[in-house]
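Worksheet for the structure shown next.
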Amino acid sequence: MTISAAGLKFSLSIMSYTAERKLLVEFGRRLYEKGFVAGTDGNLSLLVDRDTLLITPSGAAKGRMCTDDPVLVNIEGKVLSGKRKPSSEMLLHLFVYKKRPDVKACCHAHPPYATAFSAVRKELPDNILPEIIISVGRIPLTEYAPPGTEAVPKSLEPFVNDYEAFLLANHGVLTVGRTLDDAFNKMETVEHFARILYIAAGIGAVSFLEDSEVRRLEKVRDNLKKGNTS
């Protein structure tokens, strides 16, 4: 049996970035198992070098992906290899990487409690739990934008440079990080926070932290980012 040049190139491209492909498959499965996505919801991406990323394919069930499913694209969105189309939210991912050189991974999902807040367009407060202030920071609510369009990254533009997690109005949650693990952890933390707020609201009035304590916790977060824990 002979293999064409195009077939050989495709085979080699599938074999490349094996570890990164396995990560996308693993975290897609985690999103599904945590109930953060259903059906073919959500998308993940990971920078594999400065101008190239792997992104989950359009229409793929994140809990049942294979290592040859992720699509390799460049920073302008040109498909370099892959047997499927890239996620319909690729423009959102590309926008983040162009704006944030510190970000290496993006995670978009529909965790139920946080997405419920986005559906009623209610921002998650940033002055209630110390852990949220330190690990995630403020979680801004974007304007609604039709999924899969250029309006989605545009809605993120006022916030993308300063925050790590975003409520997308009527659309879900986006988190970014230095690694897929980092981005996934923030997604998990945002959903846990939203669930706590929902439960607390059924118990009584929520208590807010003093401004001085919020500022102190923000300094702790800034020091952690700089690698200074003193």
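The values are calculated or read from the model by the stated rules, or taken from the named source; none is laboratory data. Because the structure is predicted, anything quoted here is derived from the model rather than measured. Every residue, glycine among them, receives a Cβ derived from its backbone with ideal geometry; neighbour counts consider all protein chains shown.
Of all residues in region 108-127, none that is within 11 Å of H171 (Cα to Cα) has its Cβ atom under 7 Å from the Cβ atom of a residue that is among the aromatic types (F, W, Y) and in a helix (DSSP H, G or I), 6 or more apart or on another chain.
In the set (1) aliphatic (A, V, I, L, M); (2) surrounded by 19 or more Cβ atoms within 10 Å (Cβ to Cβ); (3) over 19 Å from V152 (Cα atoms), the condition left unmet by L92 is number (3).
Given the criteria in a loop (DSSP other than H, G, I, E, B) and either at pLDDT below 95 or touching a Gly at 6+ places or on another chain (Cβ under 7 Å) (or both), does S88 qualify?
yes
Considering only region 35-50, I want to know if a residue exists there that is within 17 Å of A19 (Cα to Cα), β-branched (V, I, T) and in contact (Cβ under 8 Å) with a residue 12 or more places away in the chain. Scanning region 35-50 turns up at least one residue that is within 17 Å of A19 (Cα to Cα), β-branched (V, I, T) and in contact (Cβ under 8 Å) with a residue 12 or more places away in the chain.
Right, Y97: at pLDDT 95 or above, out of contact with any strand residue (DSSP E or B) (no Cβ under 8 Å at 6 or more places or on another chain), in a helix (DSSP H, G or I) and among the hydroxyl-bearing types (S, T, Y) or not? Criteria not met by Y97. Taking region 45-90 as the range and being among the small types (G, A, S), under 17 Å from the mean Cα position of the chain (by Cα) and farther than 19 Å from P147 by Cα as the test, only G63 passes. Scanning region 179-208 for residues that are over 21 Å from F117 (Cα atoms) and not charged (D, E, K, R) turns up T179, L180.
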